[in-house]
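The values are calculated or read from the model by the stated rules, or taken from the named source; none is laboratory data. Remember, predicted model here, so these are calculated numbers, not experimental data. No Cβ is skipped: glycine too gets one built from the backbone with ideal geometry, and neighbour counts run over all protein chains shown. Ligands, DNA and RNA are stripped out before the accessible areas are found, and what is left, the full protein with its side chains, is counted by its heavy atoms. Shrake-Rupley method; radii C 1.70, N 1.55, O 1.52, S 1.80 Å.
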Amino acid sequence: MGIVHWDDIARHRAAKGEMDATRQQLGKAAGAVGIGVNRMRVAPGRLPTPPHSHGASEEIYYVLGGAGLAWQDEQVHEVRAGDCVIHRADEMEHTFIAGPDGLDCLVFGTRHPTEFGWLPRSGAVRIGWPWIEGRVDDPWDVEGEGPPLEVGDPAPRPPNIINIDEAERDVTRRRDTALLATDERSALAGFYWERLFPGALGAPPHCHSEEEEAFVMLDGDGTLGLWPSPVAASSSVREDVPVRAGHVVVRPPGSRVAHSFRAGPNGLTMLIYGTRKTNDVCWYPRSNKIFWRGLGVIGRIESLDYYDGEPDDDEEQA
């Protein structure tokens, strides 16, 4: 079904030198295919990772709690709850330094079959798991034995760090949306904070052919509606699944099952992450609409049986 609760997901701690963080692989547990969704708790005064950059992957961080510093290209910037930090591929070297109360973040990222990672302090170039010269030890060990990361005074926050209270808002009678990773700030994925008002339906039920979406419930409660396509109806049924704070929902591409969210009496607040694919096609089951997103065209179709209009082979042979 693609839904888990973060209270039920195992935690894995990695502590080496000045790095000390505990992670939960939420996306993997929910069946993500081409994206990652992790919860990352960084110990007070520690780093979650060495400073690094990705050649192909784009990372988006959302601060759930605590505070600290975002280290970016040798400058630091204060971060707090509600902040979104966007790192496009092949751009800034980055990590975090947790404050005295630690730092609790969600990390969303695109996955690529061949990824190029760069760790500037240890000089490690990582391609997939091994790093340059075919070494199979861990460059984190080299990082852990080195001197502490130098941190100066916090600098003014750059455009890739934005709080939900600072973001442009899109407010309708149904919802309040903070626009975080917009087209101007990110390249490979979009990211939004959204509050559905009590009883309201979010986006209409829909299903993507290429784009993958992940939703993290932050507050309130509601239902996840699942609407199978005519082809999938033989193996799936229409469902309404209860959701509450801490639930993580992943909708892989090509599932043939549309999804939607409706808020309960207390409203429903969530984070919405979705990849951007030029050739994605989106289907809306209630209206039989198809959206060819790369073309910017929406049309309505008639749903037919697989053999509709085909001649009867037995009659032809006769």
Of the conditions (1) touching a residue at least 12 places away in the same chain (Cβ under 8 Å); (2) assigned to a strand (DSSP E or B), Pro253 clears all except one; give me its number. (2)
Kindly indicate whether His94 is within 23 Å of Arg157 (Cα to Cα), in contact with a strand residue (DSSP E or B) (Cβ under 6 Å, 6 or more places away or on another chain) and free of Cβ contacts under 8 Å to residues at least 60 places away in the same chain. yes
For region 63-86, how many residues meet the condition of being more than 22 Å from Gly17 (Cα to Cα), open to solvent by 10 Å² or more (accessible area, probe 1.4 Å) and assigned to a strand (DSSP E or B)? 4
Only one of (1) open to solvent by 20 Å² or more (accessible area, probe 1.4 Å); (2) in contact (Cβ under 8 Å) with a residue 60 or more places away in the chain; (3) farther than 18 Å from Asn160 by Cα does not apply to Ala56, and that is (3)
Is it the case that region 230-246 has a residue that's of a type in the set (Asp, Glu), more than 26 Å from Glu58 (Cα to Cα) and either open to solvent by 100 Å² or more (accessible area, probe 1.4 Å) or part of a helix (DSSP H, G or I) (or both)? no
Could you pull out the residue among His12, His5 that is more than 20 Å from Val85 (Cβ to Cβ) and open to solvent by less than 20 Å² (accessible area, probe 1.4 Å)? His5
Filtered residue count, region 225-273, keeping only those that are at pLDDT below 90 and aromatic (Phe, Trp, Tyr): 0
Which numbered condition Arg111 fails, given (1) buried (at least 17 other Cβ atoms within 10 Å of the Cβ); (2) closer than 21 Å to Asn38 by Cβ: (1)
Does region 207-222 hold any residues that are closer than 26 Å to Arg293 by Cβ, open to solvent by 20 Å² or more (accessible area, probe 1.4 Å) and not acidic (Asp, Glu), and which are they? Ser209
Does Asp165 count as among the acidic types (Asp, Glu) and surrounded by fewer than 16 Cβ atoms within 10 Å (Cβ to Cβ)? yes
Residue pairs qualifying under the 6 Å Cβ cut-off, at least six apart or on distinct chains, with the first in region 179-192 being farther than 19 Å from Asn279 by Cα and the second being surrounded by 14 or more Cβ atoms within 10 Å (Cβ to Cβ) and of a type in the set (S, T, N, Q), are Tyr192/Thr177
Taking Leu226 and the conditions (1) open to solvent by less than 20 Å² (accessible area, probe 1.4 Å); (2) among the aliphatic types (A, V, I, L, M); (3) not in a strand (DSSP E or B), which numbered condition does it fall short on, given that it satisfies the others? (3)
